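Have a look at the structure below, then the notes.
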Amino acid sequence: MGSLSPILLVEFLVALSRCTPQSGWSIHSKIAVANSGGPDSTCLLFLLAKLIADPETRSKYRQPLPVSLVSLYVDHKLQAASTDMAARSSANAASLGVDHHTLEIPWGVTPFPQRPTHDTFEKMAREARYQLIFDAMTQSEATIAAFAHHADDQIETSIMRLARGSTKIGAAGMRWCRRWGMGSGNSESTLGWVGQRGLNRFIIRPLLHFPKDRILATCEANGLHYIDDPTNFQPELTLRNAVRHMINNGRFSSPIHAGEASLPPGSPVSLEKITHAFSFLQSTVTEAEVSGVEERLRCAIKKLAVTTEDIDNQVTSHLRVCALSSPTGTLLLSSSKLSDITDNDVRFAIILRVMRYVSFHPWGSVRADGDRRQSGIRRIAKFLWTPNPQADQIKRFTAGGGVLWTPAIFNPGKPLRVGNQCLQPPLRSDDQLCWLASRIPPFFKNPQEGAGSSSRLTVELTERLGAAMDSDMPFEVLYDCRFLLCIVPTQMPKHLKSILRNQDKTVSVKIIPFTNYYWPKVVLQRESYPDQVLAVLNQKGAVDTMGSPPWISMRWVRLLDAT
């Protein structure tokens, strides 16, 4: 099949099937399509609408598929063409019979910042766009967001990630399917924050393996109208545009000399690093395998994606073997089982998976992965895979992501021993030397600042309980991005309701940290009285409501899977 042939519906079905979440598509699920009115999203919306309307093609896939669509256009109000693009995206959706919404970013209205300047344009616009799309998904009851990133976008993403120092896993580019995650903010009042709801929403990219020319061919063959975003062709605007400009103009086909190419002001990477990234990708594919610069790059990234998928599967398998029973919110890894893992890429991926699981940073954010700094990951790997931690006297340490790594001794049926005393030989015959990954202690130096401050571990509940105690509607509180508390006001203890009704300003109900693992504990605080514990997570991971009916639940919400 020639490279300029349009995408067939059967091909698209295969691509969409690769986007299936690990748990499968939910029955009657809806997809929200990010529709900019450009060729890529126009093609994606068309193929999805055609597939949903074609039961014969759908029947070739045995599992349930999404059954409805909603089209979303985000108007940034940052360029003159935005009005025309909004009109085009709306018209395209209408022609396909798809419900459509135009969403305007309310710059300057919390949590949205003031209209961004040139220096902050790309990051702010992206965060604002994602915030509106997620909110619109919630309102329209869509659980999946579909983006039209394609194979050429993958090349740009891979080069940028490599230039920033990413591992091979990052160089594989965007995933076919991933969880939305908790977002990029720290709390409900910050841009990018979505909380635990983001763990049940997914982002899919069904066009990842299709090059741009086939997308254009699909639009042409089906008479689809679109508008090209003029900002996509301005290399001085964003790093992605600059990389795209270099590829399209053959800048990588020969050495780049000073003055031949430039990066936007304030670029986080140098031209030299981008060139090295390109060279690395080229080196993974021989000319005998495929010819042409862009085809070689696409082939290289596909290879990396296959490798990454294999690494993900290996990590899942190794964690089943290495992980031992440990306190809620921690992960205990057997040193002897870890020593069986020799591949550095797999080691790095295990570290990232564990950090994301244990960290107090929003699940799915780069901060939960220690900003993916290779120096930090290498330091962790060096200690975790030290042949004899006792002999080397490796004490507890941290290297990013809000995760503390502590030596521990596991012995079935006995309390877990943790701390530096575990490094004193000898071990008993049934002892296992381990590493315990847990939340780092909070920062007390600046208690009111930052995601790691101690202040975020104290959550005031008084006002919410007082307002909801006569309501039949339970409410949820995400604690430290790690535990989800669900409170049923009608089941609250009578004495607590009575105290709250008095509206005594010296009375407060708070969630405070409990144990060195920072579990949630709900306490009643009154002037001249000791704290009264109302509910606490016990050593077995169950909630003790101190003899009252189960009016509150607490559960660990972070995930250990690869998505």
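The values are calculated or read from the model by the stated rules, or taken from the named source; none is laboratory data. Just so it is clear, the model here is predicted, and its values are computed rather than measured. All Cβ positions, even for glycine, are placed from backbone atoms using ideal geometry, and neighbour counts span all protein chains on display. Side chains included, ligands, DNA and RNA excluded: accessible areas come from the protein's heavy atoms. Shrake-Rupley method; radii C 1.70, N 1.55, O 1.52, S 1.80 Å.
Summary of computed values
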quantity: Selection count where residues are loosely packed, with under 15 Cβ neighbours inside 10 Å and among the aromatic types (Phe, Trp, Tyr), scope the range 380-424; calculated: 1
quantity: Some residue of the range 282-291 being in a helix (DSSP H, G or I) and open to solvent by 70 Å² or more (accessible area, probe 1.4 Å); calculated: yes
quantity: Number of the exception - residue 19 against (1) in contact with a Cys (Cβ under 8 Å, 6 or more places away or on another chain); (2) hydrophobic (A, V, I, L, M, F, W, C); (3) open to solvent by 70 Å² or more (accessible area, probe 1.4 Å); calculated: (3)
quantity: Near pairs, Cβ below 8 angstrom, 6+ apart or cross-chain, from the range 306-333 (loosely packed, with under 14 Cβ neighbours inside 10 Å) to any residue that is assigned to a helix (DSSP H, G or I); calculated: 321/337
quantity: Only one of 548, 498, 553 that is at pLDDT 95 or above and among the polar types (S, T, N, Q); calculated: 553
quantity: Counted residues, the range 425-450 - those being of a type outside the set (D, E, K, R), modelled with pLDDT of 75 or more and surrounded by 10 or more Cβ atoms within 10 Å (Cβ to Cβ); calculated: 12
quantity: Looking only at the range 62-83, and only at residues there that are among the polar types (S, T, N, Q) and open to solvent by 50 Å² or more (accessible area, probe 1.4 Å), the one that is nearest to the chain's Cα centre (by Cα); calculated: 63
quantity: Of all residues making up the range 331-345, the number that are in contact with a Lys or Arg (Cβ under 7 Å, 6 or more places away or on another chain) and modelled with pLDDT of 95 or more; calculated: 1
quantity: Count of residues meeting criterion [β-branched (Val, Ile, Thr) and under 30 Å from residue 308 (Cα atoms)] in the range 520-563; calculated: 2
quantity: Evaluation of residue 11 against (1) within 18 Å of residue 149 (Cα to Cα); (2) assigned to a loop (DSSP other than H, G, I, E, B); (3) of a type outside the set (Gly, Ala, Ser) (one fails), failing number; calculated: (2)
quantity: Which numbered condition residue 64 fails, given (1) in contact with a Ser or Thr (Cβ under 9 Å, 6 or more places away or on another chain); (2) on the phi > 0 side of the Ramachandran plot; calculated: (2)
quantity: Qualifying residue in the range 142-156 (condition: within 16 Å of residue 103 (Cα to Cα), over 16 Å from the mean Cα position of the chain (by Cα) and not basic (Lys, Arg)); calculated: yes
quantity: Test: residue in the range 516-530 that is open to solvent by 50 Å² or more (accessible area, probe 1.4 Å), within 26 Å of residue 365 (Cα to Cα) and not charged (D, E, K, R); calculated: yes
quantity: Long-range neighbours under 6 Å by Cβ, at least six apart or interchain, first residue without any contact (Cβ under 8 Å) to a residue 40 or more places away in the chain within the range 52-71, second of a type in the set (S, T, N, Q) and outside any strand (DSSP E or B); calculated: 71/35
quantity: Total residues in the range 545-559, condition open to solvent by 70 Å² or more (accessible area, probe 1.4 Å) and outside any loop (DSSP other than H, G, I, E, B); calculated: 1
quantity: Filter pass, residue 86 being surrounded by fewer than 16 Cβ atoms within 10 Å (Cβ to Cβ), over 21 Å from residue 14 (Cβ atoms) and either modelled with pLDDT under 95 or not hydroxyl-bearing (Ser, Thr, Tyr) (or both); calculated: no
quantity: Failed item in (1) surrounded by 13 or more Cβ atoms within 10 Å (Cβ to Cβ); (2) within 30 Å of residue 236 (Cβ to Cβ); (3) at pLDDT below 90, with residue 26 passing the rest; calculated: (2)
quantity: Residues being of a type in the set (Gly, Ala, Ser), at pLDDT below 95 and under 27 Å from residue 278 (Cβ atoms) - total across the range 98-150; calculated: 1
quantity: Scope the range 456-510; condition hydroxyl-bearing (Ser, Thr, Tyr), out of contact with any Pro (no Cβ under 7 Å at 6 or more places or on another chain) and over 19 Å from residue 549 (Cβ atoms); matching residues; calculated: 458, 462, 506, 508
quantity: Single unsatisfied condition, residue 48 versus (1) open to solvent by less than 10 Å² (accessible area, probe 1.4 Å); (2) in a loop (DSSP other than H, G, I, E, B); calculated: (2)
quantity: Selected residue (criterion: most open to solvent (accessible area, probe 1.4 Å)) from residues of the range 89-106 that are closer than 13 Å to residue 34 by Cα and touching a His at 6+ places or on another chain (Cβ under 8 Å); calculated: 90
